[in-house]
Every structure is written in structure tokens, then in C-alpha cells.
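All remarks here apply to the structure that follows.
The values are calculated or read from the model by the stated rules, or taken from the named source; none is laboratory data. What you are looking at is a predicted structure, and each value in this text was computed from that prediction instead of being measured. Neighbour counts run over all protein chains shown; Cβ positions are idealised from the backbone, glycine included.
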Amino acid sequence: MEIDLSLLHSKTKEEIDITNTYTIPKEYYESTIVEKAENIKVTGKVYMAASTDAADEEEDYIKAKIEGDIILTDSISLEPISYPISIDFDDILEQNCKKDENTLDIFQFLWENIVLEIPLQFTKVKDLSKFHGDGWKLVSEDELTTRNNPFSDLLKDFEEE
């Protein structure tokens with residue numbers, strides 16, 4: 001979804017309100033652990049202010065709060081789980097703003113900021129005992145470090161020094 005910034009660039013408006021609830025299209029996250037990115041509430045505006053590089057030029061800035069729940073695939077159980085996000089953004093708008101076209105691709109902007117908040121692996125599983133099979137079982141990090149480690153005696157020697 002492209003937001004028209006021509007009124008902002010022609011100085012007809014001082015700011016453009018981007019407050020809305022958005023659903024990010026699946027093509028943005030189809031190769032990730034994200035299952036759904038719906039009802040993403042954005043409260044904010046796009047405005048122009050003096051450039052940090054050249055005082056006689058203006059740049060597009062965006063100030064926005066992005067909130068919502070992203071549905072992720074649990075890294076262990078593979079079940080869908082809700083992951084809340086809350087992002088405050090106040091910066092120069094460069095990448096997603098096509099100045100010569102006077103538009104902002106809001107989905108691209110939202111996705112680039114949301115993807116930074118999503119963990120690579122996420123789980124809500126507490127009981128790992130039901131994840132086992134023929135010759136394997138899932139163990140926690142704590143259980144892994146306390147099991148028979150051939151270097152545990154050597155590690156104790158280092159800790160004593």
C-alpha cells in the first residue's frame with residue numbers, strides 16, 4: 001500500500017497522518033517463522049524537517065508507534081503462538097520513500113521494522129519431556145551442561161584457580 005506524499009512535498013500539508021490498522025501481505029514473510037501479521041496498529045505521521053546534512057534542504061521524517069501481535073511458529077512444538085510487538089520509530093524516512101514518485105510503501109516500511117523485533121527462534125514450551133523418539137530426546141540447555149561432560153573435571157580445576 002502506497003501512501004501519497006505529494007501534499008507534503010508541495011508544502012500543502014505540514015504532515016501526513018499514517019494512523020491506521022494494517023495487515024501485512026503474506027509475500028513479505030512467507031519464508032520466515034511468521035504465520036500472520038494482521039491488525040498491526042500504527043499511530044504516527046510523516047513530516048518534513050531540516051536535513052542533518054544540508055541546512056537548506058528538507059528530508060522526510062516519520063514518527064510512529066507500531067503495535068500488534070504477530071503469529072509465529074513455535075520453534076519446538078511448531079504450533080502457532082502470539083508474539084507481541086511494540087516499536088517506537090522516529091527517524092529519517094529514506095529507504096521506503098520514492099521521492100521522485102512522492103510515495104511511501106507502508107508495508108515495506110512496517111515489515112522492515114517488525115522483522116528486526118522478531119527472534120530467530122521462539123518457544124513457549126516448558127516441558128520438554130514429551131518431545132522424544134526412538135533414540136533421541138530434546139534436552140534443555142541446563143540438562144545439556146550438567147550431563148556427563150568429559151571436560152567437567154578440567155572445568156572445575158579452572159574455576160578453583
**OP:** For the stretch 90-97, indicate whether the set of residues that are closer than 30 Å to D4 by Cα, at pLDDT below 75 and not in a loop (DSSP other than H, G, I, E, B) is non-empty.
**Re:** yes
Original post:
For the subset of the stretch 68-93 comprising residues that are under 12 Å from the mean Cα position of the chain (by Cα) and among the acidic types (D, E), which member is farthest from P25 (Cα to Cα)?
Top reply: D88
**OP:** Six or more apart or on different chains, Cβ under 6 Å: which pairs go from a residue in the stretch 32-49 that's polar (S, T, N, Q) and surrounded by fewer than 19 Cβ atoms within 10 Å (Cβ to Cβ) to one that's modelled with pLDDT of 90 or more and in a strand (DSSP E or B)? Could you list them?
**Re:** N39/T21; N39/G68; T43/K65
Original post:
Can you find a residue in the stretch 64-74 that is at positive phi and in contact (Cβ under 8 Å) with a residue 12 or more places away in the chain?
Top reply: yes
**OP:** Looking only at the stretch 25-43, decide whether some residue is more than 13 Å from the chain's Cα centre (by Cα) and of a type in the set (S, T, Y).
**Re:** yes
Original post:
Of the residues in the stretch 50-65, how many are crowded, with 18+ Cβ neighbours inside 10 Å and β-branched (V, I, T)?
Top reply: 1
**OP:** Have a look at S51, S152 and point out the one that is more than 28 Å from S6 (Cα to Cα), polar (S, T, N, Q), modelled with pLDDT under 85 and over 20 Å from the mean Cα position of the chain (by Cα).
**Re:** S152
**OP:** Starting from residues that are assigned to a strand (DSSP E or B) and among the hydroxyl-bearing types (S, T, Y), keep the ones in the stretch 9-67 and report whichever is nearest to P119 (Cα to Cα).
**Re:** Y22
**OP:** Output the number of residues of the stretch 121-148 satisfying the condition of being of a type in the set (A, V, I, L, M) and free of Cβ contacts under 8 Å to residues at least 12 places away in the same chain.
**Re:** 2
Original post:
Can you name every residue in the stretch 10-61 that is among the small types (G, A, S) and touching a Gly at 6+ places or on another chain (Cβ under 8 Å)?
Top reply: A37
